[in-house]
């Protein structure tokens with residue numbers, strides 16, 4: 001059973017990292033977009049990332065804690081496990097806030113499209129280039145990297 005839990009935990013981590021990479025690609029791709037159509041298209045791809053990130057976030061915590069409970073070698077109150085849980089919570093919160101920043105561009109693109117304004121928009125370009133969203137996604141990515149390093153080296157274990 002523990003082998004399955006570990007496999008599902010690692011697969012969840014892969015899903016999480018894959019979603020972060022997908023969002024980086026979307027962030028770079030949308031930097032110069034100023035029209036509603038392409039912004040809406042990127043928003044549709046982001047739905048895949050949102051689903052994948054939800055699976056990754058949920059799976060890593062559920063299967064990770066489950067493993068810490070069932071394995072004799074580790075305990076939930078081990079320092080490196082607590083560090084991973086704290087980093088996970090902060091990364092999830094910061095990543096969620098980053099998603100809200102980028103969603104503003106998708107929402108505005110839909111509004112412009114519904115109003116028949118399909119041409120370039122400086123406002124939409126600025127929303128696609130959100131510096132706060134970029135900063136928050138960068139922080140979430142670094143926190144996720146720290147979690148991975150914590151999981152690999154298990155300091156203090």
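Only a single item in (1) over 24 Å from residue 8 (Cβ atoms); (2) without any contact (Cβ under 8 Å) to a residue 24 or more places away in the chain is not met by residue 109, and it is number (2).
None of 65, 48, 81 is within 12 Å of the chain's Cα centre (by Cα), modelled with pLDDT of 95 or more and within 22 Å of residue 14 (Cα to Cα) except 48. Here the condition is being at pLDDT 95 or above, surrounded by fewer than 15 Cβ atoms within 10 Å (Cβ to Cβ) and in a helix (DSSP H, G or I); of 87, 143, 136, 132, it holds for 132 alone. Exactly one residue among 76, 55 is surrounded by 14 or more Cβ atoms within 10 Å (Cβ to Cβ) and within 20 Å of residue 5 (Cβ to Cβ), and that residue is 55. Screening residue 16 against (1) at pLDDT 95 or above; (2) more than 18 Å from the chain's Cα centre (by Cα) leaves a single unmet condition, (2). Among the residues of region 66-76, are any out of contact with any helix residue (DSSP H, G or I) (no Cβ under 9 Å at 6 or more places or on another chain), within 18 Å of residue 88 (Cα to Cα) and in a helix (DSSP H, G or I)? Looking for residues that are out of contact with any helix residue (DSSP H, G or I) (no Cβ under 9 Å at 6 or more places or on another chain), within 18 Å of residue 88 (Cα to Cα) and in a helix (DSSP H, G or I), one finds at least one in region 66-76, hence yes.
Listed by first and then second residue, the pairs linking a residue in region 28-44 that is without any contact (Cβ under 8 Å) to a residue 24 or more places away in the chain and at negative phi to a residue that is surrounded by 15 or more Cβ atoms within 10 Å (Cβ to Cβ) and in a helix (DSSP H, G or I), with Cβ atoms under 7 Å apart and 6 or more places separating them unless they lie on different chains, are 29/42. Scanning region 30-47 for residues that are surrounded by fewer than 17 Cβ atoms within 10 Å (Cβ to Cβ) and farther than 18 Å from residue 100 by Cα returns 32, 37, 38. Within region 112-126, the only residue that satisfies the criterion of being without any contact (Cβ under 8 Å) to a residue 60 or more places away in the chain and within 17 Å of residue 41 (Cβ to Cβ) is 114.
The values are calculated or read from the model by the stated rules, or taken from the named source; none is laboratory data. Just so you know, these numbers come straight off a predicted model, no measurement behind them. In this analysis, Cβ positions are derived from the backbone assuming ideal geometry, glycine residues included, and neighbour counts consider all displayed protein chains.
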